[in-house]
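Comments concern the structure below.
The values are calculated or read from the model by the stated rules, or taken from the named source; none is laboratory data. Computed from a predicted model, the values in this text were never measured in an experiment. When we count neighbours, we look across all protein chains shown, and the Cβ atoms used for this are built from the backbone with ideal geometry, even at glycine. We work out accessible area using only protein heavy atoms, side chains counted, and drop any ligands, DNA or RNA first. Shrake-Rupley method; radii C 1.70, N 1.55, O 1.52, S 1.80 Å.
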Amino acid sequence: MTPFGPGIIRILGFPLLALVSIAFALSTTGSKLLVVLDPSINKEDYSIFFDDLKDRDFALDFRSANDPHLSLFNYGERAYDHVILTLPPTQKALGPNLLAKPLLEFMTNGGNLLVLLNPNEHALGSVREFARELDIHLPFRDTKLVDHFHFDTVASPNLHDTVILDPATSLVSPLILQVARSKKIVYSGSAFALGNNQLLFPILRASDTAYVYDPAEELLASDSPFVSGTQAYLVAGIQARNNARAVIVASSSMLSNDAINAADSANRELAAGITKWTFQESAVIKLASVTHKLANTAEENPLIYRVKQNITYEAEISEWIGDKWVPFVADDVQLEFTMLDPYYRLTLSPVGANGDSELYATTFQAPDQHGMFTFHLNYKRTGLSYVEDKRTVTLRHFGHNEFLRSFEIPNAYPYITSVVLVVVAWLLFTVLWVFSGPEKVPEKKTL
């Protein structure tokens, strides 16, 4: 029996468990994972997928979409770090807390979202609206992706709707997914189209010979399919400006036990790569520190510089690998020194590792223009976390006692020489005038 009694244990138990789970989580944003799973879906059909998540220290909370107590927020804060939304095949709508607005608000607050579409049903209105906000255009009801040249001869010998994908040609973002090229990806479902959202990018696409059609309108669909070829996307991701991530998978069957256990299947590696990126276990970088100073001085981050001074800018960047931060090395990190427009755009050179981060640095001369300037580090690459830092400083003009003296300016030598010659000439003239006057003629005395 503790001196605090059982009540305090009940009060502190959940926060303490939450802190422990965060300490051992492999994700940089937490381990609390909500899985919205309809009761009609057999969880055992996806046991390998869920067991892999548990092995990576995620705390899975399985809830039904129509659970009246289900909420993504608790007292204004995120109740979960990540959400897996599996569309229920037996419901016509999701609960009020799973509409497009709450899902977008969840991402706005830093949450990560994985949406698994049902291969046999159309997308619900709330999910379709959420996808439209991301500029993803979902297919119509009962559509299928078929490929008459790359299909599973055992699973779909006639319909050709269980397609076989080659990782070498279907993987669009190798930074996110690294699958053995000797394996294959088994897929059954539909596909969607992508818009022009700059934050949106494809991850997995269909082959050149695949297309999406409605079996009820086979002849018409074959002439004008919903989407075809490499424009038919099966997995797409988006990373918001706050680094929250969302991934939409066109068919949840790609992550099922049947697809994972298929011969030479890469679906398990595919599932691991998708979830690691979505839940920020991979492709995560951060800015460890930023300093700027006068070159060859010790004082860091002064607020005022003078025009034409040599300035040194340094930044340290780390990358999350496995369960620790390591130095992130790249050759395309750039710095902009801007007022209204960039005066300089400089590439930061990697200097070397400094503990768990890589040091980047550059030295430049401040422009001959006084005003308010900004050090702007903006590193945004597809798939990687966005790194951005802005620091404003004042660039003043020369003080009255800081200008170069005339004798320090070579172009002033002719003028200095002319002044000296004038002075010397005047002195000589004065001396000659005073000491070299006409001789005095003696006056004649008169009688």
**Prompt:** On the given criteria, is residue 33 surrounded by 16 or more Cβ atoms within 10 Å (Cβ to Cβ), touching a helix residue (DSSP H, G or I) at 6+ places or on another chain (Cβ under 9 Å), modelled with pLDDT of 85 or more and part of a strand (DSSP E or B)?
**Reply:** yes
(1) open to solvent by 20 Å² or more (accessible area, probe 1.4 Å); (2) in contact with a Pro (Cβ under 9 Å, 6 or more places away or on another chain); (3) closer than 30 Å to residue 287 by Cα all hold for residue 199 apart from (2)
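Condition first: open to solvent by 30 Å² or more (accessible area, probe 1.4 Å), among the aromatic types (Phe, Trp, Tyr) and at pLDDT below 95. Can you find one or more residues in the stretch 213-220 that meet it? Working first, answer last.
Taking the stretch 213-220 and keeping what is open to solvent by 30 Å² or more (accessible area, probe 1.4 Å), we get 214-220.
After this cut, where a residue has to be among the aromatic types (Phe, Trp, Tyr) as well, the list is none.
For the stretch 213-220, residues open to solvent by 30 Å² or more (accessible area, probe 1.4 Å), among the aromatic types (Phe, Trp, Tyr) and at pLDDT below 95: absent.
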Going through the stretch 262-313 in order, the residues found to be assigned to a loop (DSSP other than H, G, I, E, B), in contact (Cβ under 8 Å) with a residue 60 or more places away in the chain and open to solvent by 50 Å² or more (accessible area, probe 1.4 Å) are 264, 301, 303, 308
Residue pairs qualifying under the 9 Å Cβ cut-off, at least six apart or on distinct chains, with the first in the stretch 170-190 being closer than 20 Å to residue 321 by Cβ and the second being of a type in the set (Lys, Arg) and assigned to a loop (DSSP other than H, G, I, E, B), are 175/381
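Rundown of residues vs (1) in contact with an Asp or Glu (Cβ under 8 Å, 6 or more places away or on another chain); (2) in contact (Cβ under 8 Å) with a residue 60 or more places away in the chain; (3) surrounded by 11 or more Cβ atoms within 10 Å (Cβ to Cβ), yes/no style:
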{"position": "321", "(1), (2), (3)": "no, no, yes"}
{"position": "335", "(1), (2), (3)": "no, no, yes"}
{"position": "344", "(1), (2), (3)": "yes, no, yes"}
{"position": "350", "(1), (2), (3)": "yes, no, yes"}
{"position": "364", "(1), (2), (3)": "no, no, yes"}
{"position": "396", "(1), (2), (3)": "no, yes, yes"}
{"position": "400", "(1), (2), (3)": "no, no, no"}
{"position": "405", "(1), (2), (3)": "no, no, no"}
{"position": "411", "(1), (2), (3)": "no, no, no"}
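Any residue in the stretch 164-182 that is surrounded by 22 or more Cβ atoms within 10 Å (Cβ to Cβ) and touching a Ser or Thr at 6+ places or on another chain (Cβ under 7 Å)?
Of all residues in the stretch 164-182, those surrounded by 22 or more Cβ atoms within 10 Å (Cβ to Cβ) come to 165, 170-171, 176-177, 179.
Applying the additional criterion that residues be touching a Ser or Thr at 6+ places or on another chain (Cβ under 7 Å) yields 165, 170.
Yes, some residue in the stretch 164-182 is surrounded by 22 or more Cβ atoms within 10 Å (Cβ to Cβ) and touching a Ser or Thr at 6+ places or on another chain (Cβ under 7 Å).
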Of 62, 50, the only residue that is of a type in the set (A, V, I, L, M, F, W, C), in a strand (DSSP E or B), surrounded by fewer than 21 Cβ atoms within 10 Å (Cβ to Cβ) and without any contact (Cβ under 8 Å) to a residue 60 or more places away in the chain is 62
Flagged in the stretch 226-240 as surrounded by fewer than 22 Cβ atoms within 10 Å (Cβ to Cβ) and either closer than 12 Å to residue 171 by Cα or in contact with a Pro (Cβ under 6 Å, 6 or more places away or on another chain) (or both), in numbering order, are 226, 230
